[in-house]
Amino acid sequence: AVIVLAVLLPVVPPAAGADAEEPDRVIRIVAERFSFVPSQIKLKQGEVVELRIRSLDTNHGFRIREAGVNVVVPKRGGGEARILFRAQRKGRFPFECSKACGAGHTIMRGSIVVR
């Protein structure tokens, strides 16, 4: 499993050997041609969440451009991608599949809304 620390602007990598931050909650996301479920995630500003993304079919990607996140979601049965995410500022932050997964790839999108 891949764990990435994502902070919405500025992106600051964790210090070497730093303890992983404990999330306020875990949000499970399912990727399947050509959608993410849920496709909209609502967070409170300052909240830390762990996104756990698994696929029901092929390999997918999960990218949040503004947070510098781009991970591979392993194909069905291959585990899950994990992202530790801090909602540092308010706004709408789109996410998308970053791995070509078929004809509907370009509509495989969602958003994180921070209030």
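The values are calculated or read from the model by the stated rules, or taken from the named source; none is laboratory data. Keep in mind it's a predicted model, so treat the numbers as computed, not measured. All Cβ positions, glycine included, derive from the backbone under ideal geometry; neighbour counts span all protein chains shown. For the accessible areas, the whole protein counts, side chains as well, though only heavy atoms, and no ligand, DNA or RNA atoms are used. Shrake-Rupley method; radii C 1.70, N 1.55, O 1.52, S 1.80 Å.
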Enumerate the pairs (first residue in the range 43-69 and open to solvent by less than 40 Å² (accessible area, probe 1.4 Å); second residue anywhere and among the acidic types (D, E)) with beta-carbon separation below 7 Å, excluding pairs fewer than 6 apart on the same chain, so at least 6 apart or on different chains.
-> E47/D24; V48/E21; V48/D24; V49/D24; I53/E80; S55/E32
Looking at the range 1-57, what strands (runs of 3 or more DSSP E) fall wholly within it and have at least 1 residues that are over 14 Å from I112 (Cβ atoms) and modelled with pLDDT under 75?
-> 3-7
Please go through the range 70-115 and pick out each residue that is open to solvent by 80 Å² or more (accessible area, probe 1.4 Å), in a helix (DSSP H, G or I) and in contact (Cβ under 8 Å) with a residue 24 or more places away in the chain.
-> I107
